[in-house]
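Student: What follows is a structure written as structure tokens; I'll ask about it next.
The values are calculated or read from the model by the stated rules, or taken from the named source; none is laboratory data. Bear in mind the structure is a predicted one, so any value in this text is a computation, not a measurement. Neighbour counts are summed over all protein chains in view; Cβ atoms, including those assigned to glycine, are modelled from backbone coordinates with ideal geometry.
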Amino acid sequence: MHWLTITMIGIAANLDNLGIGMTYGVRKVRVPLVSNAVIALMSMIATCLSMLLGYYLSGLLPAYWGNLIGGLMIIVLGVWGLVGSLRKRSDTIAQIADDKDKNKDQVISWIESISLGFALSVNCIASSLGAGASGVSPWFTALSVGVFSLASIEIGGRLGVRIAHSWVGKYAELLGCLLLIAIGCYEVVV
């Protein structure tokens, strides 16, 4: 089993969640456990469905080609995100965070968390498609994404004031892209 890949996808898919958590922490906006769980569940579903699709598509090819194509897809996504991140330095995470607390009560309700979960789960789709094509377990990867989603929003919220202005907060997107490139290289080689 590709435990390293499963763990790394869980981490890479949730670096934006960490950024969202830090943004909310700085603004003293709470994300209750139920809302956090809704976000994690949506990310898990998106991951699992896209991985199953990738796995199905890889069944049409020999195993070597599935690993190669899946790994290359993950690398391309990482490079594409890296180039896009370097081109624009606008604060997209803060923009996402601003849009979600509709009633401005400093709490993300479970209803508000649905749109936030949808926005954050989009990150999971593309990289999970490639991972599914390379034969990584969709069930364990979805579980990894869910666990890291819960943890990253909670940790980000608690440490928001301290971390948001550090290099981790500023470069979370770049780190996620570099991690995707490393995962893709690992899948191509293995």
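Student: Anything in segment 17-37 that is part of a helix (DSSP H, G or I) and surrounded by 21 or more Cβ atoms within 10 Å (Cβ to Cβ)? List them, or say none. Step through it out loud before you land on a result.
Tutor: Start the filter on segment 17-37 by keeping residues that are part of a helix (DSSP H, G or I), which leaves 17-26, 33-37.
N17, L18, G19, I20, G21, M22, T23, Y24, G25, S35, N36 - these are the residues of segment 17-37 that are part of a helix (DSSP H, G or I) and surrounded by 21 or more Cβ atoms within 10 Å (Cβ to Cβ).
Condition check ((1) over 16 Å from M44 (Cβ atoms); (2) buried (at least 18 other Cβ atoms within 10 Å of the Cβ); (3) modelled with pLDDT of 75 or more) across all residues:
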residue	(1), (2), (3)
A142	no, yes, yes
G146	no, yes, yes
I153	no, yes, yes
R158	yes, no, yes
S166	yes, no, no
L179	yes, yes, no
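Student: If you don't mind, there's one more thing I want to ask. Name the pairs whose Cβ atoms lie under 8 Å apart, with the first residue in segment 39-51 and farther than 13 Å from I114 by Cα, the second outside any helix (DSSP H, G or I), and 6 or more positions between them or separate chains?
Tutor: Every condition considered, the pairs that remain are T47/A13; M51/V136.
Student: For S43, state whether it is polar (S, T, N, Q) and under 24 Å from L178 (Cα atoms). Before you say what the answer is, go through the steps one by one.
Tutor: On the way: polar (S, T, N, Q): yes; under 24 Å from L178 (Cα atoms): yes.
Taking the combined requirement at face value, the residue satisfies it.
Student: Restrict the check to segment 49-61 and report whether at least one residue is more than 20 Å from G19 (Cβ to Cβ) and modelled with pLDDT under 70. Before the answer, list the steps.
Tutor: Kept after step one, since they are more than 20 Å from G19 (Cβ to Cβ), are these residues of segment 49-61: 49-61.
Cutting the leftovers down to modelled with pLDDT under 70 gives us 61.
So far as segment 49-61 goes, yes, one or more of its residues are more than 20 Å from G19 (Cβ to Cβ) and modelled with pLDDT under 70.
Student: If a residue has to be modelled with pLDDT of 80 or more and aromatic (F, W, Y) to count, how many in segment 1-43 make the cut?
Tutor: The number of residues fulfilling the criteria is 1.
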